[in-house]
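The values are calculated or read from the model by the stated rules, or taken from the named source; none is laboratory data. Everything numeric in this text was worked out from a predicted model, so none of it was measured. Don't worry about glycine lacking a Cβ; one is built from the backbone with ideal geometry, like all the others, and counts go over all protein chains shown.
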Amino acid sequence: MKDRSQKIAKYARYMLIILVCFISTFLVLKLCNQFSGHYGYHISQSIESAKPIKSKERPSPKDRLGLNNLHLEDNGIKIKVNSYKIVKIADTNSMDPVIDEGSEVIEITPKTYDELKVGDIISYESYKYGVVIIHRIIKIGKDRYGWYAICKGDNNKVEDAEKVRFNQIRGVVVAILY
C-alpha cells in the first residue's frame, strides 16, 4: 500500500510541475503579446504566422548612396561618394539615440535646395549661436527671403530657433559611423 501511495504522490508532483510549466508559458506568451508592439512583432501560435506591426510612417533621410555605391571587399567596405566630409560629433545629446558623442558622420554638400527633403539630417552654421549644428529637417518652406528649412534635434522637445537658409547648410548626412 505504501509503495502505491508513493507512486501516486510522485505522479501528482510530476503533474503539478507540468501544470506550473504550462501556466508559466501561457503567462509569458500573454505578456509578450501585450508588449510586443515595442519589438515590432506580435507573438502568435506559431513563428510562421508572426505578423510585423506597421508603425506610423515618419519622414526619413533620402537614400543618397544606394547599393551600387557600396562595395564589399576582403578587408572592409568601400563607399563611393564624391566630395565628402567626415565630421566628429560633439556631446550635446540633441540627436540621441541616432547620433551620439564619439560617432562620426559622412556628409556630402548639396548643390541646390531641391536635393533636400524633410527627414534629412543636415549640418548648418547657426547665425544665432555661431556654431555648426547637426539636426534633422522637419519642415521646408519658402517666404519672402526664399527657401528655408526648420530643423530639430531628434532628442529635443522644440524645433531650432531659426529658419535655416540654403547658404547656411554645410552638408547632408549620408552615413553614420558608430
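Do we find that Ile169 is under 22 Å from Ser60 (Cβ atoms), among the hydrophobic types (A, V, I, L, M, F, W, C) and exposed (fewer than 13 other Cβ atoms within 10 Å of the Cβ) in this structure? In short, no. Residues in the range 89-103 that are surrounded by 13 or more Cβ atoms within 10 Å (Cβ to Cβ) and either among the acidic types (Asp, Glu) or touching a strand residue (DSSP E or B) at 6+ places or on another chain (Cβ under 8 Å) (or both): Ile89, Ser94, Met95, Asp96, Val98, Ile99, Asp100, Ser103. The residues on offer are Ile86, Ile121, Ile79, Ile106, and the sole one that is among the aliphatic types (A, V, I, L, M) and surrounded by fewer than 11 Cβ atoms within 10 Å (Cβ to Cβ) is Ile86. Please enumerate the residues belonging to the range 149-178 that are in contact (Cβ under 8 Å) with a residue 24 or more places away in the chain and assigned to a strand (DSSP E or B). Once the filter is applied, which keeps residues that are in contact (Cβ under 8 Å) with a residue 24 or more places away in the chain and assigned to a strand (DSSP E or B), the range 149-178 yields Ala149, Cys151, Val164, Ile169, Arg170, Gly171, Val172, Val173, Val174, Ala175, Ile176, Leu177.
Restricted to strands (runs of 3 or more DSSP E) entirely inside the range 56-105, those with at least 2 residues that are over 22 Å from Ile137 (Cβ atoms) and either under 19 Å from the mean Cα position of the chain (by Cα) or of a type outside the set (Lys, Arg) (or both) are 70-73, 76-79. For the range 53-76, residues that are surrounded by 11 or more Cβ atoms within 10 Å (Cβ to Cβ) and under 22 Å from Leu116 (Cα atoms) total 8. The listed residues are Asn33, Asn69, and the only one of them that is out of contact with any Leu (no Cβ under 8 Å at 6 or more places or on another chain) and modelled with pLDDT of 60 or more turns out to be Asn69.
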